[in-house]
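Here is the structure we will look at.
The values are calculated or read from the model by the stated rules, or taken from the named source; none is laboratory data. Keep in mind the model is a prediction, meaning the values are calculated, not measured. As a convention, Cβ positions derive from the backbone with ideal geometry for all residues, glycine included, and neighbour counts pool all protein chains shown. The area values use the complete protein model at the heavy-atom level, side chains included, leaving out ligands, DNA and RNA. Shrake-Rupley method; radii C 1.70, N 1.55, O 1.52, S 1.80 Å.
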Amino acid sequence: MLHASFRLDPTFTIAPVSRRTFGSFVEHMGRCVYTGIYEPSHPTADEDGFRRDVLALTRELGVSVVRYPGGNFVSGYRWEDGIGPAADRPVRRELAWHSLETNEVGIDEFMRWAQKAGVEVMYAVNLGTRGVQEALDVHEYLNHPSGTRLSDLRRTHGSEKPYGIRMFCLGNELDGPWQLGHKTAIEYGRLAAETARALRAADPDVELVACGSSGSSMPTFAAWESQVLELAYDEVDYISAHAYYEPLDGDLASFLASAVDMDHFVESVVATADSVGARLKSRKKLTISFDEWNVWYLKRWEATRKTSEWAVAPRVIEDCYNVADAVVVGNLLISLLRHSDRVTAACQAQLVNVIAPIRSEPGGPAWRQTIFHPFALTSRLAKGDVLRVELRGPSYETARFGTVPSLDAVATHDPESGDVTVFVVNRSLSEPADLAVGVAAFGRRFRIAESWTLADDDLTAANTEDDPDRVTPKPNATAWVEEGELHASLPPVSWTAIRLTQV
Ligand code: AHR
């Protein structure tokens, strides 16, 4: 049995919980859009062709903001292909994923879907094959009230009011050689700065995201951020970060510690951005838009990758997630929350079917993958301020990250309701843990309002079409609170959330 403890205090505030931490991502890729969110022939389809079952699960997931329309897709996308009468829209070759894009869903349809889902949209412009003018054009179509060619065109397409999109991503992963229009940091930094200046001239309220590296293992990581920001620091608000994790060579111990890597990644990007700020003698602080993160069995996909025969909505990277994946996802959310002072937006990639918490079958059901649960519970329970946790407890050895803590935790305190919520993972492969959390500093008596643990004796257990609720969080009956201390027992490889409320 492991033993771990920490003490919470309402003054140990890191930052308010940013609702945008609970973002997701819809890319025109595989079956995320077509037969994911949109399937006019599906029994649950609404009057606009959107699957009501997927919409309901999106709401239940607690998604706040959705990045759209890509991803690698956006770097070859012509946004104007997706507006106007459906019959006039061109079918195009989609080069990022080698499929056919029918353009049945475009920006007007997606905005309608977003309204129904109750989510904000983070719009990515194409800075791969396109540039400043197209970014201005799509902004005019989306956000200009009326009286110009493109805003009036939007109105003739049925959207009288501008969409008022605030966050714009200035391209996607342009450091990656796989990206259409791949650029050097200097080429991209100049283009990002020029595009940002133009968008701000049109609309001073936009919030702009410059592309950081597409991963911390890129050979140009940090140098890319540094060079891009030398050129664009004053013009942008965010630098992006992308990270995907998977178990490599069966090394589950390292995989379970993926959040250690995410912590290091975030802190490296912050340090790099701040060093540029210091060199530029700027008082401004950028924050991170962690706009792609998740577990992705990338090696498995690369090994089996087939170039599709220009199919519409082929099955691409439909990873099926297990218990260990859900614990890692829960831990990555702990890492994102812990950095709420500098990570103010984050998007789990993606929403449906493609490396996604929601799965759907054409003409069939939609269901929650294991990773759905920690996301939904964290989004629902993380309220108010994020509190710093200094955890005392055991550690274990990993091949990839050295010695790492066996447990990891973060907490939130909602000053309005007085509720305190603890999110904690036990990464040990074999040992349960006894957790003690001091809460006396809040000066009130608590009771357990709810406590959930996701764990299973079979770490490979997964939710499938035939058994969609095989893995769900269960009430943790071991949790109790008395005399200013919360106690709970945490099974090996588990994710837990416990909400305390005033008696
Ligand atoms: O989310 C899948 C892909 O991963 C995105 O299109 C790309 O931006 C990233 O490499």
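If the cut-off is 14 Å between C-alpha atoms, which aspartates and glutamates fall inside it for Lys281, apart from same-chain ones fewer than 8 positions away?
Glu230, Asp234
State the extension gain, in nm to one decimal, for the chain segment bounded by Lys306 and Arg93, taking 0.36 nm per residue of separation less the distance between their alpha-carbons.
Length gained between Lys306 and Arg93: 75.0 nm.
What is the sum of charges, Lys and Arg at +1 and Asp and Glu at -1, for the other residues whose Cβ falls under 10 Å from the Cβ of Lys284?
Every neighbour counted, the sum reads 0.
Give me the accessible area per residue for segment 18-381, probe 1.4 Å, as a whole number in Å².
Ligands and nucleic acids excluded, the figure is 35 Å² per residue.
If one computes the Cα centroid of segment 159-189 and of segment 204-242, what distance in Å separates the two points?
11
Show which aspartates and glutamates lie in cross-link reach of Lys299 when reach means a straight Cα distance below 16 angstrom and same-chain residues fewer than eight apart are skipped.
Within reach: Glu246, Asp249, Asp251, Glu318, Asp319, Asp325.
Just the ratio, please: alpha-carbon radius of gyration of segment 370-478 over 2.2 N^0.38 Å, N its number of residues.
So segment 370-478 has a normalised radius of gyration of 1.21.
With a/c under 1.5 counting as rounded, go ahead and sort segment 245-315 into rounded, prolate or oblate using the C-alpha gyration tensor (a ≥ b ≥ c being the square roots of the eigenvalues; past the cut-off, prolate if a/b is larger than b/c, else oblate).
oblate
Could you give the nm distance between label points at Asp466 and Ser282, where each point is 7 Å from its Cα heading toward the beta carbon?
5.5
Taking all protein chains as present, what is the carbon and sulfur share of the accessible area of the chain, in % to the nearest whole number, probe 1.4 Å?
After summing per-atom areas, the C and S share lands at 50 percent.
For segment 18-381, give the share of DSSP beta bridges that are antiparallel, in percent and rounded to the nearest 5; count only bridges with both residues there.
Counting DSSP beta bridges with both partners in segment 18-381, the antiparallel share is about 20 percent.
Please check the chain for the longest run free of chymotrypsin sites (Phe, Trp or Tyr not before Pro) that are loop-located per DSSP (anything but H, G, I, E, B) and have at most 14 other Cβ atoms within 10 Å.
311-503
Could you work out the helix-only [θ] at 222 nm for the chain, with each DSSP H run of four or more residues adding -39,500 (n - 2.57) and the total divided by the number of residues, to the nearest 500 deg cm²/dmol?
Calculated from helices alone, the mean residue ellipticity at 222 nm is -8000 deg cm²/dmol.
Would you list which lysines come within 23 Å of Lys474, measuring only between C-alpha atoms, while excluding same-chain residues fewer than 8 positions from it?
Cross-link targets: Lys383.
Can you give the local net charge around Gln133? Use residues other than it whose beta-carbon is closer than 11 angstrom to its beta-carbon, Lys and Arg +1, Asp and Glu -1.
That works out to -3.
Find the all-direction average of the projected area of the Cα convex hull for the chain, expressing the result in square nanometres with one decimal place.
So the Cα hull casts an average projection of 23.1 nm².
Round to the nearest 0.05 the FRET efficiency obtained for Phe401 and Met1 when R0 = 35 Å and r is the Cβ-Cβ distance.
0.90
Quick check: net charge around Asp175, other residues with Cβ under 12 Å of its Cβ, Lys/Arg +1 and Asp/Glu -1?
Net local charge, Asp175 excluded: -2.
Put +1 on the Cβ of each Lys and Arg and -1 on the Cβ of each Asp and Glu in the chain; which of Ala15, Thr220, Val121 then has its Cα farthest toward the positive end of the dipole?
So the residue furthest toward the plus end is Ala15.
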